[in-house]
Amino acid sequence: MARAFLTLLMLGLCGAVVAWVQHPAEAGRTPKIGDFAPDFTLPDQDHRPLRLGDLRGKSNVVLAFYVKASTFG
Amino acid sequence: MVLGISVDRVEDNARFAREIAASFPLLSDTSQEVTRRYGLFDPVLRMARRTTFVLDKEGIIRHIEAGGDAVDPEGAIQMCSMLKRKESQP
């Protein structure tokens with residue numbers, strides 16, 4: 001009985017890990033090469049609003065989405 | 001120009017900017033709206049997936065690196081150099 005329970009628990013944990021690894025990102029379609037980058041306005045670290053569209057015609061842009069501040073992510 | 005973007009609060013990005021002596025903006029997408037619009041919101045971690053886009057001056061995406069590939073900036077640097085060379089050509 002205990003062995004069956006442990007087996008089920010391990011299977012459940014494995015399934016959860018697989019689901020976690022394979023889950024798709026939410027919502028919008030990730031833009032592709034050749035697409036216009038969707039415009040936005042967001043605050044920087046000094047609370048100043050920055051609009052991506054304002055850089056058009058002025059500069060190439062490297063837009064780097066990172067996972068979490070103060071980590072390697 | 002380099003822009004960093006995450007779902008962290010402004011205060012957390014401000015601390016991060018100091019830690020790495022960032023000379024570029026770190027943008028806070030606390031509502032996750034932009035991250036979702038770019039299709040990069042991870043619903044389990046509730047954070048952005050690491051992805052780097054290189055845009056030309058018209059705002060068109062010319063290069064993308066995702067996940068582990070985005071850790072090394074070399075690909076993005078090379079694309080930026082290529083875009084600059086194209087701009088300097090008559």
Handout entry: Scan of region A:1-34 for residues that are at pLDDT 95 or above and outside any loop (DSSP other than H, G, I, E, B), ordered by number
Key = none
Completion exercise
How many residues of region B:41-58 are free of Cβ contacts under 8 Å to residues at least 12 places away in the same chain, facing chain A (nearest Cβ under 7 Å), of a type outside the set (Asp, Glu) and surrounded by fewer than 20 Cβ atoms within 10 Å (Cβ to Cβ)? The answer is 2
Problem - Selection count, region A:35-73, where residues are part of a loop (DSSP other than H, G, I, E, B) and of a type in the set (A, V, I, L, M) - result: 3
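The values are calculated or read from the model by the stated rules, or taken from the named source; none is laboratory data. Because the structure is a prediction, the values reported are computed rather than measured. Every residue, glycine as well, gets a Cβ built from its backbone with ideal geometry; the counts of neighbours run over all protein chains shown.
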